[in-house]
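**Q** Just dropping this structure here.
The values are calculated or read from the model by the stated rules, or taken from the named source; none is laboratory data. Every value quoted in this text rests on a predicted model; they were computed, and no experiment measured them. Heads up, the Cβs are rebuilt from the backbone with ideal geometry, glycines too, and the neighbour counts pull from every protein chain shown. These accessible areas exclude ligands, DNA and RNA; they are computed on the full protein's heavy atoms, side chains included. Shrake-Rupley method; radii C 1.70, N 1.55, O 1.52, S 1.80 Å.
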Amino acid sequence: MELLRLLLLAVLASEPAAAGGAETVGNSSEGFLEFSVGKFRYLELQKPFPEEAILRHISSNVTFLIFQIHSQYQNTTVSFSETLLPNASGTGTDKGLVFILRPEQSICTWHLETSDPEPVQNVAIPLSYSESDPIPGGCNLEFDLDIDSNIYLEYNFFETTIKFAPANLGHARGTDAPPCDVKTGQDSRWRLQYDVYQYFLPENDLTEEALLRHLQRMAEVPQVQANAVKVVTLTADDKTSVSFSSLRGQGVIYNVIVRDPFLNTSAAYIPAHTYACSFEAGEDNCSSLGRVSTKVFFTLFALLGLFICFFGHRFWKTELFFIGFIFMGFFFYILITRLTPIKYDVRLVLTAVAGSVGGIFLVAAWWRFGILVLCMLCVGLVLGFLVSSVTFFTPLGNLKIFRDDSVFWVTFSCIAILIPVVFMGCLRILNILSCGFIGSYSVVLAVDSYLYTSLSYITLNVLKRVLHTDFRRAFINVPFQTKDFIILAVWGMLAVSGITFQIRRERGQPFFPPHPYKLWKRERERRVTNILDPSYHVPPLRERLYGRLAQIKELFQKEQPAGERTPLLL
């Protein structure tokens with residue numbers, strides 16, 4: 001049987017080469033899926049029908065091939081033979097194999113199959129490299145394959161981590177590969193550098209067609225460099241692992257290009273993608289990420305925030321409740337998340353209750369003590385928190401120095417405290433600015449609970465860093481596409497409109513309302529001493545309550561019969 005297979009390959013090798021561009025339907029001959037170097041091909045795999053892929057007429061100046069196959073979320077297996085061995089096969093959504101060519105070899109075959117009961121749509125491509133190009137994964141010591149050019153991806157709610165095997169220098173056909181760890185000079189693999197790239201799919205597009213189309217932009221070196229964003233460059237001394245902030249429901253493709261600066265050559269690893277969620281989960285999968293509790297919470301929060309944006313300074317106590325709600329709710333959510341394993345919905349309800357208590361407490365503190373500076377300190381710190389979060393949302397947050405928690409939190413706190421300190425001489429302006437920016441940002445958070453927007457990660461990244469220790473090593477890049485620009489414009493418009501409206505409305509008005517407790521005390525003393533005041537003749541509260549209770553008791557007493565009840569006197 002093996003002899004017949006070799007004869008068939010020899011016959012196929014003698015046929016003329018097939019031309020083609022990016023193929024959607026490739027040629028098949030004698031049960032083989034025929035591929036061309038550098039040409040994509042769409043194919044469908046089914047569980048009972050494994051396929052054989054073949055690449056013919058390989059050029060003599062090609063020393064190794066990388067065959068890769070991709071699907072959206074269903075696993076595909078690619079192997080050198082029908083017998084699946086751990087060091088000669090790979091299974092996953094983004095998998096491939098490196099084939100080191102022998103002298104005079106011009107044909108290469110791969111075995112493709114899937115264990116998924118449903119048909120799997122795939123896109124695959126073989127890529128060729130010469131002897132001067134570095135071999136991705138050529139110095140693999142961690143994973144199963146002998147030469148592993150795959151990118152291994154793991155994710156959780158907080159971060160997504162990619163890992164890959166170190167590369168090796170290229171070599172000619174029929175020669176031994178250079179040793180990996182014998183020497184560390186410029187004539188060894190230690191001179192290689194690794195560029196890590198990130199590519200965002202269109203927001204809210206979870207279709208299989210979009211993924212397979214955009215994956216074609218991340219397979220070859222020139223396309224990766226033209227379309228993706230380079231996040232970091234690693235040297236051979238660095239650990240071949242990079243972490244990113246997880247973006248649930250947002251498609252992201254990662255790839256690594258290994259460069260040889262001495263020969264000015266490069267090669268691409270096999271790209272890997274993720275949505276940071278599961279398509280097959282029964283609850284909270286990629287298609288239904290928005291929870292009802294989240295939508296209700298942030299919708300009510302946004303309605304209150306929108307009112308504060310335009311009327312917060314006039315309705316001072318309502319604004320204090322809003323600020324106290326944010327203060328207490330934020331710290332309480334962090335506390336119960338770190339200390340208890342309760343479910344998200346329960347945490348959100350408890351956070352709402354704790355936030356309401358915090359808001360009431362701040363209003364009560366103002367009513368009783370009337371310390372304006374203390375209340376404005378709380379307002380200014382919330383605005384400072386937002387300003388500091390925006391600062392670290394920029395590329396400044398990806399600087400290596402801020403991966404140290406102490407440096408990050410000291411800098412973050414200084415920015416947050418600086419805002420109330422700068423505006424301490426003009427408290428009304430500080431208060432109106434806080435109302436405009438904080439109130440309008442609550443609308444952005446509400447929009448994110450229905451439609452994905454990157455602007456929600458302004459504050460979510462800070463929350464992730466508090467809750468997850470390892471998040472400090474993650475790059476916090478997010479996509480900024482058309483919808484994000486629209487929401488940013490709406491946020492800015494609401495903030496400017498609210499600030500302008502309140503400044504014009506409060507012109508000529510007292511800066512802040514008077515101390516409520518002093519007003520109440522003065523009014524009570526006036527009523528006691530002024531007998532002409534009608535309120536002077538109002539009975540005390542205790543007597544009024546007793547009178548009300550007596551009236552209620554009379555409703556339940558039995559009505560007495562009419563007529564004379566005393567005996568007649570003679």
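**Q** Output the residue which, of all residues in the stretch 429-458 that are among the aromatic types (Phe, Trp, Tyr) and open to solvent by less than 20 Å² (accessible area, probe 1.4 Å), is farthest from the chain's Cα centre (by Cα).
**A** So, considering only residues that are among the aromatic types (Phe, Trp, Tyr) and open to solvent by less than 20 Å² (accessible area, probe 1.4 Å), the one farthest from the chain's Cα centre (by Cα) is 441.
**Q** I'd like to verify a number: residues in the stretch 252-265 that are free of Cβ contacts under 8 Å to residues at least 60 places away in the same chain and either assigned by the TED database to the domain that holds residue 460 or over 15 Å from the mean Cα position of the chain (by Cα) (or both), how many?
**A** Of the residues in the stretch 252-265, 1 are free of Cβ contacts under 8 Å to residues at least 60 places away in the same chain and either assigned by the TED database to the domain that holds residue 460 or over 15 Å from the mean Cα position of the chain (by Cα) (or both).
**Q** Got at least one residue in the stretch 433-450 being charged (D, E, K, R), modelled with pLDDT under 95 and in contact with a helix residue (DSSP H, G or I) (Cβ under 8 Å, 6 or more places away or on another chain)? Reasoning before the result, please.
**A** Within the stretch 433-450, the first condition is being charged (D, E, K, R), and the residues that meet it are 448.
If we keep only those that are modelled with pLDDT under 95 too, we end up with 448.
Checking which are in contact with a helix residue (DSSP H, G or I) (Cβ under 8 Å, 6 or more places away or on another chain) leaves us with 448.
Taking every residue of the stretch 433-450 in turn, at least one turns out to be charged (D, E, K, R), modelled with pLDDT under 95 and in contact with a helix residue (DSSP H, G or I) (Cβ under 8 Å, 6 or more places away or on another chain).
**Q** Shifting gears a bit: Collect the residues in the stretch 266-314 that are of a type in the set (S, T, N, Q), closer than 28 Å to residue 243 by Cβ and either over 19 Å from the mean Cα position of the chain (by Cα) or not in a helix (DSSP H, G or I) (or both), keeping them in residue-number order.
**A** Result: 266, 274, 278, 285.
**Q** Does the stretch 210-217 contain any residue that is polar (S, T, N, Q), open to solvent by 20 Å² or more (accessible area, probe 1.4 Å) and within 26 Å of the chain's Cα centre (by Cα)?
**A** Yes, the stretch 210-217 has at least one match.
**Q** Residue 124 - would you say it is open to solvent by less than 50 Å² (accessible area, probe 1.4 Å) and touching a residue at least 24 places away in the same chain (Cβ under 8 Å)?
**A** Against the criterion (open to solvent by less than 50 Å² (accessible area, probe 1.4 Å) and touching a residue at least 24 places away in the same chain (Cβ under 8 Å)), residue 124 qualifies.
**Q** For the stretch 194-208, name all the residues that are at pLDDT 95 or above and surrounded by fewer than 20 Cβ atoms within 10 Å (Cβ to Cβ).
**A** Scanning the stretch 194-208 gives a single hit, 200.
**Q** Given the options 72, 105, name the one that is open to solvent by 10 Å² or more (accessible area, probe 1.4 Å) and more than 22 Å from residue 219 (Cβ to Cβ).
**A** The conditions single out 105.
**Q** Taking residue 227 and the conditions (1) without any contact (Cβ under 8 Å) to a residue 60 or more places away in the chain; (2) out of contact with any Phe, Trp or Tyr (no Cβ under 8 Å at 6 or more places or on another chain), which numbered condition does it fall short on, given that it satisfies the others?
**A** For residue 227, the exception is condition (2).
**Q** Let me confirm something: among 148, 116, 144, which residue is open to solvent by less than 10 Å² (accessible area, probe 1.4 Å), under 34 Å from the mean Cα position of the chain (by Cα) and among the acidic types (Asp, Glu)?
**A** 148
**Q** Next question, about the same structure. Could you check the stretch 176-196 and list, in sequence order, the residues that are under 14 Å from residue 265 (Cα atoms) and among the basic types (Lys, Arg)? Break it down into steps so the answer makes sense when it comes.
**A** Initial filter on the stretch 176-196 (under 14 Å from residue 265 (Cα atoms)): 189, 191-195.
Of everything in the stretch 176-196, those that are under 14 Å from residue 265 (Cα atoms) and among the basic types (Lys, Arg) turn out to be 189, 191.
**Q** Still on this structure, please answer the following. Is one or more of the residues making up the stretch 359-377 modelled with pLDDT of 95 or more, under 16 Å from residue 459 (Cβ atoms), open to solvent by less than 70 Å² (accessible area, probe 1.4 Å) and assigned by the TED database to the domain that holds residue 467?
**A** No, the stretch 359-377 contains no residue that is modelled with pLDDT of 95 or more, under 16 Å from residue 459 (Cβ atoms), open to solvent by less than 70 Å² (accessible area, probe 1.4 Å) and assigned by the TED database to the domain that holds residue 467.
**Q** For the stretch 233-284, give me the residue count where each residue is under 23 Å from residue 209 (Cα atoms) and among the polar types (S, T, N, Q).
**A** 5
**Q** Look at residue 485 and say whether it is within 30 Å of residue 413 (Cβ to Cβ) and outside any loop (DSSP other than H, G, I, E, B).
**A** Answer is no for this residue.
**Q** Something else: Being among the polar types (S, T, N, Q) and more than 16 Å from residue 258 (Cβ to Cβ) narrows it down to one residue among 75, 168; which is it?
**A** That would be 75, the only listed residue that is among the polar types (S, T, N, Q) and more than 16 Å from residue 258 (Cβ to Cβ).
**Q** Of these, 494, 455, which one is closer than 28 Å to residue 155 by Cα and not aromatic (Phe, Trp, Tyr)?
**A** Of the residues listed, the single one that is closer than 28 Å to residue 155 by Cα and not aromatic (Phe, Trp, Tyr) is 455.
**Q** Which residues, counting only those in the stretch 286-326, are closer than 22 Å to residue 93 by Cβ and either surrounded by 15 or more Cβ atoms within 10 Å (Cβ to Cβ) or touching a residue at least 24 places away in the same chain (Cβ under 8 Å) (or both)?
**A** Of everything in the stretch 286-326, those that are closer than 22 Å to residue 93 by Cβ and either surrounded by 15 or more Cβ atoms within 10 Å (Cβ to Cβ) or touching a residue at least 24 places away in the same chain (Cβ under 8 Å) (or both) turn out to be 286, 287, 289.
**Q** Restricting the search to the stretch 446-466, which residues are in contact (Cβ under 8 Å) with a residue 24 or more places away in the chain, of a type outside the set (Ser, Thr, Tyr) and more than 14 Å from residue 492 (Cα to Cα)? Break it down into steps so the answer makes sense when it comes.
**A** Of the residues in the stretch 446-466, the ones in contact (Cβ under 8 Å) with a residue 24 or more places away in the chain are 446-455, 457-459, 461-466.
After this cut, where a residue has to be of a type outside the set (Ser, Thr, Tyr) as well, the list is 446-448, 451, 455, 458, 461-466.
Correct list: 446, 447, 448, 451, 458, 461, 462, 463, 464, 465, 466.
**Q** Still on this structure, please answer the following. Criterion first (over 29 Å from residue 286 (Cα atoms), within 22 Å of the chain's Cα centre (by Cα) and open to solvent by 50 Å² or more (accessible area, probe 1.4 Å)) does residue 387 satisfy it?
**A** Yes.
**Q** Same structure, new question: Does residue 462 fit the bill of being among the β-branched types (Val, Ile, Thr), under 21 Å from residue 382 (Cα atoms), at pLDDT 95 or above and open to solvent by 50 Å² or more (accessible area, probe 1.4 Å)?
**A** no
**Q** Would you please name the residue that is farthest from residue 461 (Cα to Cα), looking only at residues in the stretch 144-186 that are of a type in the set (Lys, Arg) and at pLDDT 90 or above?
**A** So the residue we want is 173.
**Q** Check 249, 324 and return the single one that is at pLDDT 95 or above and either part of a loop (DSSP other than H, G, I, E, B) or assigned by the TED database to the domain that holds residue 400 (or both). I'd like the intermediate steps shown before the answer.
**A** Numbers: 249 fails: at pLDDT 95 or above.
Going through 249, 324 in turn, the sole match is 324.
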